[in-house]
Amino acid sequence: MNEDKRNIPVVILAGGRGYRLREETEFRPKPMVEIGGRPILWHIMKIYAHYGFTNFIICLGYKGHMIKEYFLNYEYMHRDFTVKLGQQNSVILHDHHPEEDWTVTLADTGLETNTGGRVYRIRRYIPGDTFFMTYGDGVADINIDELLAYHRAKGRIATVTGVRPYSRFGVVERTEDGLVKRFREKPQLDGLVSGGFFVFNTRVFDYLDENVVLEQEPLRRLAEDRQLAIYEHKGFWKSMDTYRDWLEFNRMWESGHTPWKVWEK
């Protein structure tokens, strides 16, 4: 793997409570809610790993112990093994899995910490001057290499990925005389919204503190300082905000329509 990519960690925010998905998050943290039998957190990591970025930093909060247990037991849950019992007990692992070159740092960033505070608290784990950051509930078929190249070409402190989500409601277009002209079922919205998938230079820490909300003052100040670029992603993007989203994600997985699955295995 390109050594440069090993030095660019992927920070994933995985500490929120996910109130709008209470049917699942009552029992587990939102990033551990499953699509096709795997946590959405795993799907996000697979997207980055497909492009060679396998150094992950997971910002933990609500029920963070479950994410720790998932990775502590990862080898045993995804490989065959032989257990030798007795005083000299040992475990022999068999076979391999595609995630063997992943490095995963699990950092407790507080139960109620805001998004910017979570990023601020993991700064000691950033080895170089650049890192990715995204949320633990959204996936896309985004080209991570192109995103990084765009960020570097702009030469700014931060780059956010802009996406055009689909409306949750159908749209009725009407004529001037009060008749229905056209009905559009959940059209794609015109404006860009933040889809996560950030790239940051470590100078972003000058805009953060222990408890700040990233999406408020820090991004506003970065924009005012002309230090925030936006990369428009025109492909697939979807977040898991509600129980309906969870159902839709799993229907997509079962049907084989999985645009975010850019990896082969």
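Scanning segment 91-119 for residues that are more than 14 Å from Tyr76 (Cβ to Cβ), part of a loop (DSSP other than H, G, I, E, B) and either small (Gly, Ala, Ser) or in contact with a helix residue (DSSP H, G or I) (Cβ under 6 Å, 6 or more places away or on another chain) (or both) gives Thr109, Gly110.
Checking each residue in segment 214-265 for being loosely packed, with under 15 Cβ neighbours inside 10 Å, touching a residue at least 60 places away in the same chain (Cβ under 8 Å) and touching a helix residue (DSSP H, G or I) at 6+ places or on another chain (Cβ under 6 Å) picks out only Trp263. Do we find that Tyr125 is surrounded by 17 or more Cβ atoms within 10 Å (Cβ to Cβ) and of a type outside the set (D, E, K, R) in this structure? No; evaluated as a whole, the condition is false for this residue. Test each condition in (1) in contact (Cβ under 8 Å) with a residue 12 or more places away in the chain; (2) within 14 Å of the chain's Cα centre (by Cα) for Tyr51 and report the one that comes out false. Evaluating Tyr51 over (1) in contact (Cβ under 8 Å) with a residue 12 or more places away in the chain; (2) within 14 Å of the chain's Cα centre (by Cα) leaves (2) as the failure. Of all residues in segment 50-62, one or more are surrounded by 14 or more Cβ atoms within 10 Å (Cβ to Cβ), in contact with a Phe, Trp or Tyr (Cβ under 6 Å, 6 or more places away or on another chain) and more than 30 Å from Val212 (Cβ to Cβ). When the residues of segment 190-210 are filtered to those that are within 22 Å of the chain's Cα centre (by Cα) and at pLDDT below 90, the one that is surrounded by the fewest Cβ atoms within 10 Å (Cβ to Cβ) is Gly191. Filtered by the rule that a residue be among the basic types (Lys, Arg) and closer than 20 Å to Asp141 by Cβ, segment 25-51 gives Arg38, Lys46. Checking each residue in segment 10-34 for being at pLDDT 95 or above, out of contact with any strand residue (DSSP E or B) (no Cβ under 8 Å at 6 or more places or on another chain) and buried (at least 20 other Cβ atoms within 10 Å of the Cβ) picks out no residue at all.
Just need a number here: residues in segment 1-42 that are in a loop (DSSP other than H, G, I, E, B) and charged (D, E, K, R). So the answer is 3.
The values are calculated or read from the model by the stated rules, or taken from the named source; none is laboratory data. What you see is a predicted model, and the numbers here were worked out from it, not measured in a lab. When we count neighbours, we look across all protein chains shown, and the Cβ atoms used for this are built from the backbone with ideal geometry, even at glycine.
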